[in-house]
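Structure first, then comments.
The values are calculated or read from the model by the stated rules, or taken from the named source; none is laboratory data. Please read these numbers as outputs of a predicted model, since none were measured by experiment. Ideal geometry is used to build each Cβ from the backbone, glycine not excepted, and the neighbour counts take in all protein chains shown. Only protein heavy atoms, including side chains, enter the accessible area calculation; ligands, DNA and RNA are left aside. Shrake-Rupley method; radii C 1.70, N 1.55, O 1.52, S 1.80 Å.
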Amino acid sequence: MTNKKNNSISIGIIIVLAGVLLATISMIKNSQDTRRGAYFAGSTLSLKPDTVIERMTGEVLPVHLWVESKSEAKVDSVKALICYGNNISINQNSAEDQIEIGTAAGFNSIPLALVKEIDGKKCLDLTVASDKGADKLKAGAMEVAVINFKADSAGEGEITIIKDGSKVSGDNPNNADKSISVDGVVNTKYKVSSGNSSTAPLLKMVVAFKDVRGDSQCANNWPLKVTVMAPGGVTKSYTNIIPTKINSSGDLAKYSVSLRLVGFDYKEDLAVFVKGPKHLQWKYGVNNQTSFYDKQGGKISLTSDESTSTTYDFSGYPLLPGDITGEGDVQDGIVDGRDFSLVKSESIKRTSSESGGYLKTDLNGNCQMESLDVASLMISLSVKQEQLY
């Protein structure tokens with residue numbers, strides 16, 4: 001009787017332990033399934049260009065951080081842990097100033113950037129985010145930021161994204177889970193040589209502003225924004241570029257620009273976007289362009305040598321005036337009723353300025369407000385929207 005009773009107890013214990021084991025396995029499996037299910041989409045983080053970035057000591061060494069989301073997921077923040085060699089640097093005390101945010105993708109918050117040391121390597125812990133609504137965000141491949149390293153000394157190395165230290169989140173219309181998994185990373189390499197001569201591509205071009213004559217006295221030092229785009233959508237913008245007037249007579253004033261594209265590593269099949277201080281942005285893709293460029297990308301080729309660089313003439317397709325105001329009294333890329341109202345009211349008042357002065361609403365640069373400015377804006381109203389990418 002005693003042996004039977006003991007056997008029964010042993011069997012009971014085994015059954016209980018088996019039950020506990022099965023429950024534990026089930027809990028682990030459920031936990032793993034839950035963790036896998038915590039991501040509503042996947043992504044890849046990349047550093048561009050994927051070719052070796054070559055710079056001279058003292059020059060800027062730019063690296064473009066991109067994210068590509070899957071399943072049409074819209075991205076609202078990216079945290080990337082990026083490590084690099086000891087012969088390039090980013091100033092720890094002003095790291096944010098050396099980072100350009102990818103505003104075209106909807107990112108707009110001030111970046112959080114911290115330089116730290118991990119396993120003997122310098123690393124940038126970078127977070128870029130947006131506080132905009134889902135309608136302002138992008139899905140797919142997009143530029144997150146440009147990190148402008150400084151080339152300190154000769155040498156070469158690799159710039160790497162630490163996958164386990166990086167995170168992506170986005171807009172999930174189905175539930176509150178915002179996490180996007182980082183499924184892969186693409187790194188880049190660099191090479192720094194001794195010297196101080198610039199190796200950046202040189203963009204030489206001639207541009208014009210519609211209705212601005214060669215003898216216009218108030219169309220000087222109008223600052224331009226120039227954006228260059230390489231195949232694959234890699235872009236870089238240069239602001240406050242002051243062109244030089246070539247002619248002081250004639251029906252159309254022409255302006256020359258010579259711009260060293262520091263931080264841009266592409267020279268073939270480029271497109272150039274130019275925007276004036278009161279003008280819509282135009283896209284230029286070929287030399288001697290005279291009309292709307294409706295093809296993807298562009299056919300502009302550059303060199304780094306002043307003597308062999310082509311001067312591209314875009315004056316046959318002048319910048320269209322009219323984008324002078326918007327919300328917050330800043331340009332918004334559209335010519336609409338707000339712009340028309342401002343120009344109309346100033347023309348009625350016959351506002352004028354001294355020679356060499358600047359009037360925001362003086363679209364033809366002749367130093368006075370008149371019906372011609374209103375006529376110019378009326379033409380722009382038919383176009384309305386500037387050329388984008």
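A Cβ-based charge dipole, computed about the Cα centre of the chain with Lys and Arg at +1 and Asp and Glu at -1, lands at about 1140 debye. Here the sum of -39500 (n - 2.57) over DSSP H runs of 4 or more residues, divided by the residues of the chain, equals -5500 deg cm²/dmol at 222 nm, to the nearest 500. Look at (1) 25.9; (2) 21.1; (3) 24.5: the one that is Kirkwood radius over Cα pairs in Å derived from this structure is (3). Accessible surface calculations at 1.4 Å, restricted to protein heavy atoms, place the chain at 50 Å² per residue.
Between E306 and N221, the modelled labels are 2.4 nm apart [label points 7 Å from Cα along Cα→Cβ]. Here N93 and E327 are evaluated by their C-beta separation; at R0 = 41 Å the FRET efficiency comes out at 0.75. Can you give the relative contact order of segment 197-313 as a percent, counting alpha carbon pairs under 8 Å and 6+ residues apart? Rounded, it is 34 percent for segment 197-313.
On the basis of the beta-carbon distance and an R0 of 25 Å, E158 and T57 show a calculated FRET efficiency of 0.85.
Taking only protein heavy atoms and a 1.4 Å probe, the accessible area of segment 210-346 is 48% carbon and sulfur. Mean separation of Cα pairs under 8 Å and 6 or more residues apart, divided by the residue count, gives the chain a relative contact order of 15 percent.
Helices in the chain that qualify as membrane-span-like (whole DSSP H runs, Cα extent of at least 15 Å along the helix axis, mean Kyte-Doolittle hydropathy of 1.6 or higher) are 371-383.
Of the solvent-accessible surface of segment 41-193, computed with a 1.4 Å probe over protein heavy atoms with every protein chain present, carbon and sulfur atoms account for 45 percent.
Once the Cβ-Cβ distance of L114 and T239 is raised to the sixth power relative to R0 = 30 Å, the FRET efficiency obtained is 0.65.
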